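As structure tokens, the structure follows; a few thoughts come after it.
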Amino acid sequence: MEEYGIVVEKKERTAVIKAERTTSCDNCASKKSCHSGGGADNEILVEAEDLLGTKVGDRVAFSVSAGSVLKAGVLLYLVPIAFFIGGVVLGQTVLTGVLPGYNADLVAGATGVIFLALAFIGLKGYGALSERKGSLRPKILRVE
């Protein structure tokens, strides 16, 4: 998805771009949490990889790959749910045999919560790694 905006802050290899929400934002479940404080409702701030050497005030075209959006959605929604369900199943089937005398539902629920926490810890680590690599970050295509 190609979008347009104005560079409002320059960092080492990235730029913060102020862009207007587009019609593709209307269908996004995260549209309300997409802007940083103080902006108008139709404006968003996006941090994008800048290999072109833009300056503050430049109007730029940037791209958010559909694959990155899909990958982020899967990571944020499906991975924690899968870990939780896997933890509940593991707790219900395996751990109740290992821990006789404990309530099976309580063991299953606790194992599910532990696996959910592990999923979020793993995703935080993956997010830090992706941040360093810039693999999920939008990229500035050209200066308009």
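Some notes on this structure:
- Length gained on full extension, ASP105 to ARG13, computed as 0.36 nm times the residue gap minus the Cα-Cα distance: 28.1 nm.
- In Hz, Karplus ³J(HN,Hα) per residue of segment 103-113 (6.51, -1.76, 1.60; θ = phi - 60°; x = Gly, Pro): 4, 4, 5, 5, 5, 5, x, 5, 5, x, 5
- In loop segments of segment 48-144 as defined by DSSP, the trypsin sites (Lys or Arg not before Pro) with at most 16 further C-beta atoms inside 10 Å of their C-beta are LYS55.
- Relative pair counts by distance (%), Cα atoms of segment 67-133, 5 Å bins: 4, 19, 21, 18, 13, 10, 8, 5, 2, 0
- 22 Å Cα-Cα threshold exceeded, pairs from LYS11/LYS139; LYS10/LYS71; LYS11/LYS71; LYS10/LYS124; LYS11/LYS133: LYS10/LYS71; LYS11/LYS71; LYS10/LYS124
- Straight Cα distances below 13 angstrom link LYS18 to the aspartates and glutamates GLU3, GLU9, ASP41, GLU43, GLU47, ASP58, with same-chain residues fewer than 8 positions distant left out.
- Estimated Rh, segment 98-139: Kirkwood, alpha-carbon pairs, angstrom: 12.6
Computed from the coordinates by the stated procedures, all read-outs in this text should not be read as laboratory data. The structure displayed is predicted, hence computed values, not measured ones. Note that each Cβ is placed from the backbone with ideal geometry, even for glycine, and that neighbours are counted across all protein chains shown.
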